[in-house]
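To keep things clear, I will list the structure first and then write my remarks on it.
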Amino acid sequence: MPKLSKKAIFIKEYEAILASQVVKAHVCFCFDDEDSFEDEINNCMVAELAVLKSSRYLFQGSYRQWDSNWEYMLYDDKYLTDDEFLSHFHMYRSCVMQLNRLLEDDQEFRSVSGKMGKISSMLHIMVLLKLLGSYGNEAALQKLGLMMGISKGAVNDYVRRVHTAILKHREQVIKWPSKEK
């Protein structure tokens, strides 16, 4: 005998409950003890059973939702203090925002579908800074993706886009230390 699916087991149990409700309704009808509220409940149960039988997937889990904490990291001093932010991204928050103001209108970020330029460019910048400031296992794409709320495959795309945008402004943003330093 084949094994029943979770859906089939659930529907079978639901039908048994509904059958007992029908028997109860018949007994109440015979003793002239009808309750319109229970009749509504029974009708709802019958309608729900019909929906359950007609649906293809019953116990389908939700898709993975990325936990996007990068906005908290950037704007909330309680989530990451200034020192913690500096240790993660190796730039002060104000400098990151200044860099974003310079790059947010760049053509590289306009091609990102479904994202607004300013938000998208800020996340791109933070991903690049975190990657550049990480080494060893901390620089793994999966860890960076989890921290920033994006997939590991998107990390490379983000880094490439912001890298291209920064190189367009290299005279303004890339400064090498002088001989004295």
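All told, ASP83 falls short of being in a loop (DSSP other than H, G, I, E, B) and in the same structural domain as ARG160 (by TED's automatic domain parsing). For region 134-181, residues that are surrounded by 12 or more Cβ atoms within 10 Å (Cβ to Cβ) and either outside any helix (DSSP H, G or I) or among the hydrophobic types (A, V, I, L, M, F, W, C) (or both) total 19.
Residues in region 4-31 that are closer than 13 Å to LYS53 by Cβ and either touching a strand residue (DSSP E or B) at 6+ places or on another chain (Cβ under 9 Å) or touching a residue at least 40 places away in the same chain (Cβ under 8 Å) (or both): LYS7, PHE10, ILE11. Of everything in region 1-57 that is part of a helix (DSSP H, G or I) and among the polar types (S, T, N, Q), the residue that is modelled with the lowest pLDDT is SER36. Of all residues in region 145-170, those that are of a type in the set (A, V, I, L, M) and more than 23 Å from TYR72 (Cα to Cα) total 3.
The values are calculated or read from the model by the stated rules, or taken from the named source; none is laboratory data. Predicted model, so just to flag it, every value in this text is computed and none were measured. Positions of Cβ are generated from backbone atoms using ideal geometry, with glycine treated the same way; all protein chains shown enter the neighbour counts.
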